[in-house]
Amino acid sequence: MIFHPLTGQCVKSEENSLVLRPCHDDNDGWIYSRSKRICSLKSRLQCIQSTAEGKLAKLSRKWTKIGTTWETISDSKMHLATNMATTGNSKLCLDVDANNNIVTNACKCQWFKFVDSSRLF
């Protein structure tokens, strides 16, 4: 699961969009692959993708190099960032908007944490 400590909620997929919802079930598990993609356990062919700053993150079957590989950054290792350029440092991080939608924005203090099981909650 992908846990959002500030709200106590988890990232869930709803159609092709991503939202924060209560963590009480295991239906929305995620896998962090060796290729640094965050993919849905419901459909391993769909992985989290960023399209642009301020836009909704989505699930996609298109595995390009830009916007689909994720890494933990910062000392906390709780910022999930993707590089939006083939060269240079143009990183965007997972973030949450006012409606609990998962978006990508410039990296700031939005923390997410991979959790092995929702049974901890």
Asn105, sole failed condition from (1) more than 22 Å from Ile31 (Cβ to Cβ); (2) free of Cβ contacts under 8 Å to residues at least 12 places away in the same chain; (3) among the polar types (S, T, N, Q)
(2)
Does any residue of the stretch 50-60 turn out to be more than 13 Å from Ile102 (Cβ to Cβ), touching a Ser or Thr at 6+ places or on another chain (Cβ under 8 Å) and either basic (Lys, Arg) or surrounded by fewer than 17 Cβ atoms within 10 Å (Cβ to Cβ) (or both)?
yes
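Given the criteria modelled with pLDDT of 85 or more, open to solvent by 40 Å² or more (accessible area, probe 1.4 Å), closer than 17 Å to Asp95 by Cα and basic (Lys, Arg), does Lys12 qualify?
When the stated conditions are applied, Lys12 does not pass them.
The rows are residues; the columns are (1) at pLDDT 80 or above; (2) of a type in the set (A, V, I, L, M, F, W, C).
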position: Lys36; (1), (2): yes, no
position: Ser50; (1), (2): yes, no
position: Trp70; (1), (2): yes, yes
position: Lys77; (1), (2): no, no
position: Ala85; (1), (2): no, yes
Output the residues belonging to the stretch 80-102 that are open to solvent by 10 Å² or more (accessible area, probe 1.4 Å) and either part of a loop (DSSP other than H, G, I, E, B) or touching a Lys or Arg at 6+ places or on another chain (Cβ under 6 Å) (or both).
Asn83, Met84, Ala85, Thr86, Thr87, Gly88, Asn89, Ser90, Asp97, Ala98, Asn99, Asn100
What tally of residues in the stretch 87-108 results from selecting those that are at pLDDT 85 or above, touching a Cys at 6+ places or on another chain (Cβ under 8 Å) and either on the phi > 0 side of the Ramachandran plot or not hydrophobic (A, V, I, L, M, F, W, C) (or both)?
3
Residues being surrounded by fewer than 12 Cβ atoms within 10 Å (Cβ to Cβ) and within 12 Å of the chain's Cα centre (by Cα): count how many of those fall in the stretch 15-46.
0
Looking only at the stretch 61-79, filter to residues that are within 12 Å of the chain's Cα centre (by Cα) and under 24 Å from Ala98 (Cβ atoms); which one of those is surrounded by the fewest Cβ atoms within 10 Å (Cβ to Cβ)?
Met78
Unmet requirement for Trp111, which otherwise passes all of (1) at pLDDT below 90; (2) under 16 Å from Pro5 (Cβ atoms); (3) surrounded by fewer than 16 Cβ atoms within 10 Å (Cβ to Cβ)
(3)
Under 8 Å between Cβ atoms, at least 6 apart or on separate chains: pull out the pairs that start in the stretch 64-86 with a residue that is at negative phi and small (Gly, Ala, Ser) and end on any residue that is in a loop (DSSP other than H, G, I, E, B) and open to solvent by 40 Å² or more (accessible area, probe 1.4 Å).
Ser76/Trp111; Ala81/Cys107; Ala85/Ile66
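The values are calculated or read from the model by the stated rules, or taken from the named source; none is laboratory data. None of the values given here were measured: they were computed from a predicted structure. Ideal geometry is used to build each Cβ from the backbone, glycine not excepted, and the neighbour counts take in all protein chains shown. Surface areas here come from the heavy atoms of the whole protein model, side chains and all, with no ligands, DNA or RNA. Shrake-Rupley method; radii C 1.70, N 1.55, O 1.52, S 1.80 Å.
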